[in-house]
Every structure is written in structure tokens, then in C-alpha cells.
Amino acid sequence: MKLPRAELDRSQRGIKVCKRCIIPETRPGITYDDEGICFPCRVAEHHSEVDWLARKKELQEISRWGREHSKCEYDCIVAVSGGKDSTRQALYARYELGLNPLLVSCTYPPQQQIDLGAYNVGNMISLGFDTIVVGPKPETWKKLMRNAFYRFGNWAKATEMALYAIPPRVATAYKIPLIFLGENNALNSGDLGGSLGGDANKIKDNNTLAGGKPTNLMDESILEKDVLWHQFPSDKDMADANVRIVYMGYYIEDFDPFANAKIALRHGLKVRNVPREDIGAYNLFEDLDEDFVHVNQLLKYFKLGFARVTDDACQAIRRGLMTREEGIELVKKYEGRCHQRYIENFCKYLEITEDEFWKVANSFRNKEIWEQLPDGEWKLHRQF
Ligand SMILES: [Zn+2]
């Protein structure tokens, strides 16, 4: 029987995914080869062929450079959230590289900060590190976040600006040129990030950081001086201070979410204790510092047709810790879930009604992949 045209179009809709993991083509920057395998899967395939000893020597060389060029007591800066990756980096800097790191952390306004996040940063400090915690002023923080939500359907764009700009700000102020970040997401997720190695100096040019200035999040009520901590130092200041930003994860053979979590847990990290259905996540050791992240994952699901469960499953599949089928099951079970209380808190914080939230959120749904059914419900077309 011949289907009507509209029916045909609908049945052909759908997001294509990698044949090995389950990363969909809607992930910005993702590429597939002729066999339908994504770039991060190919990187993972060659993981064991990497000369890890040579990379470690390179990291030691970078560390030596950092120590020699620092103009104060600290050899390097480690940007930390208190989570598994930053706990591992700080410990690695101290014990494996023999460095004296200064930890630099960004804190959130009280309505966003949660006890678990504060506990984990406290845990890192109690491991014996000196830490600078920067808390940008709440009023500007909220305005930028609100603008990011309305303009991009991604409130976290504003927060990420601060998270990435604060360490170079501290580096230029204290003349500590070496900054360590964690993973290079270009290799792990296919994000466009400039470098495919350990060099992170171009990170401000990636999609989210948009040149290192929050210009696209500003409005007439926000002055340039209000966004100091949301803005990278100028190229001249960065060059004068000789700032060098490095992905530590690139040099360490087992730097991955699972190994990092194991090590951090041994050193006091606390993870989430909530049902996975509530937060739309499988791994309970991710994104521990605040709860609005669950709302952002929901928005990402609307925009791209996938969210955190897919990302986490892909990492596990590439490491042989999960089969593709198991990943698909987890996606069906948890992807796009976000408990009502997180949405309520988010709306309360941004001072918007829930109706307004849903209006904005639904306006960002990618209509190529989402279909609104006659009863008003939305259906995602995603094929595995
Ligand atoms: Zn893949």
C-alpha cells in the first residue's frame, strides 16, 4: 500500500547515529568516516597504540616549564569544580608531577550552589591544597544566565564562560603561566575545540566560549566592568603573562570518567544519591556541583535529540565497559528525564513562570527531529 506523502516523510525522519557507539549526528562538530564510525570511536580504537610513556615525559617537560616560568610560589593552576576529574588532576599534579598547584574554583550564587558541590570543594581543600574560590556577583550572574536561556536555550553558556575565564584571570594576576584543564573534548566527544592534542590555548575560540567574551549574552544593563570574571584576559595580557593552558587528560593513559571517579572516591569524593530517573543520568558521579544542570540537559535533549545518558554511554561503550545494546536501553530509560522540582527551582531563580519556561524550552525543540502529536505530546524520531 502506498503511504500518503506526509506519512512517508515522517517515517524517514530520524537522527543517524554512529554504528559503534550511539553518538548522533546532531552533536555539534561530530564527523563519521565511510564506515559510519565516529571520530571519537576511532580515537578510542587507537588508544592502546599511543606511546604513553612519551606523553608522560612530555607532561613532565611541560611541568618543568611551568615551575621555571612561575613568578610566585605555585608551579601551576588546576581549575577545579571539586568533581572527579579535578580531584584526580590536583592529586596527579602533586604526586605524579611533583608540582605545587594552586587550585582555582568558581562558586555559584546560593540559589544554585548545592551542599554536595560545596562538600566536594571542601574535600579537595582538606586534601591539603591552597585554593582560590571566585564568586562573581550574583546579579550579573543571573542576568547573563537568563539571557543565555532566552537567546540560546542554554543557560550554561554563561556559567561556562566564567568557569573557563577565571583560571586565566588568576594566572595573569599571580603570574602563574601554566594552567591545567582536564579532558580535550575534541577527542572524547568530537566537540570543535581547536586542538587535537594537549594544547588548550585556543579553547576560548570554541563554540561555547565564542572568543572568550560574553558579548552575545550582554544587554544594556550590564557594563563591561561587571563581566570581568566572565571574560578571558586580552590576548596581549595572556601573551605577556606567557599563559599556557594544557589538557592534562591528553597525557594520561587512564584519564577517563570511570578511572577518575574511582580515584576521587578513594580520596573522599561524594556522589549523588538520587534516583537516576530524577536527573536523566546513568552515572551518578557526573556534574556534582549544582542542580540546574539537569534542566540544561533537558534543553539539550530538545535541541539535539540526545543528552547526558548518550554521552556517558558512548564513553563506556568505547572503553568496552558497556555494549551498544546496553547503552540504547539506558537511553530509553533515562534520557531527557528531569524531575519537576529542578524545573521549579530553576524558574524561581530566574524569576520566570513555568509556562514561560516551557514556551521558551519548546521554541528550541529541533522540529526536524521532534514531532508534535495531535494530543500535544512531543515525539522524538531517533533511530539506532
Ligand atoms: Zn562512535
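Around the Cα centre of the chain, unit charges on the Cβ atoms of Lys, Arg, Asp and Glu (plus for the first two, minus for the last two) sum to a dipole of about 220 debye. Can you give the net charge of the other residues whose Cβ lies under 13 Å from the Cβ of residue 32, counting K and R as +1 and D and E as -1? Local net charge: +1.
Dipole orientation for the chain: of the candidates 280, 296, 328, 328 has the Cα lying most toward the positive pole (charges on Cβ; Lys, Arg +1; Asp, Glu -1). For the range 1-131, compute Rg over Rh where Rg is the Cα radius of gyration and Rh is the Kirkwood radius from the inverse mean 1/r over Cα pairs. On the Cα set of the range 1-131, Rg over Rh gives 1.20. Largest first and in whole Å, the equivalent-ellipsoid semi-axes of the chain read 35, 26, 20, each the square root of five times a Cα gyration tensor eigenvalue. Looking at the chain, the DSSP beta bridges with both ends there are about 30 percent antiparallel. Of the residues 23, 15, 222, the one that moves most in a GNM of the chain with alpha-carbon contacts below 10 Å is 222.
Taking amide H as placed 1.01 Å from N in the peptide plane, the amide H of residue 199 sits under 5 Å from that of 247, each at least 5 places away or on another chain. Translational diffusion of the range 50-251 was estimated from the Stokes-Einstein equation, with Rh taken as the Kirkwood radius over Cα pairs; at 20 °C and 1.002 mPa s the coefficient is 123 µm²/s. Per residue, the convex hull spanned by the Cα atoms of the range 276-380 measures out at 106 cubic angstrom. Bridging of residue 379 to lysines at a Cα separation below 29 Å is possible for 2, 16, 19, 157, 300, 303, 332, 333, 348, 359, 367, once same-chain residues fewer than 8 apart are set aside.
Restriction of the trypsin sites (Lys or Arg not before Pro) in the range 178-284 to DSSP coil positions whose beta-carbon has at most 15 other beta-carbons within 10 angstrom yields 202. GNM remark for the chain: springs join alpha carbons under 10 Å apart, and the peak mean-square fluctuation among 91, 298, 127 falls on 127. Of 50, 170, 246, the residue with the greatest mean-square motion in the GNM of the chain, using alpha carbon springs below 10 Å, is 50.
Along the chain, the longest continuous region that contains none of the GluC sites (Glu not before Pro) in a DSSP loop with at most 11 other C-beta atoms within 10 Å is 74-219. Per residue, the chain reaches -13000 deg cm²/dmol at 222 nm when only DSSP H runs of four or more residues are counted, each adding -39500 (n - 2.57).
Of the cross-linked pairs 175/202; 56/270; 84/204; 71/204, those separated by over 26 Å at the C-alpha level are 56/270. Averaging Cα coordinates gives a centre for the range 249-292 and one for the range 310-363; these two points are 16 Å apart.
Coordinate-derived values only; no laboratory data. None of these values were measured; they are calculated from a predicted model. Quick reminder, even Gly has a Cβ in these numbers, built from the backbone with ideal geometry, and neighbours come from all protein chains shown.
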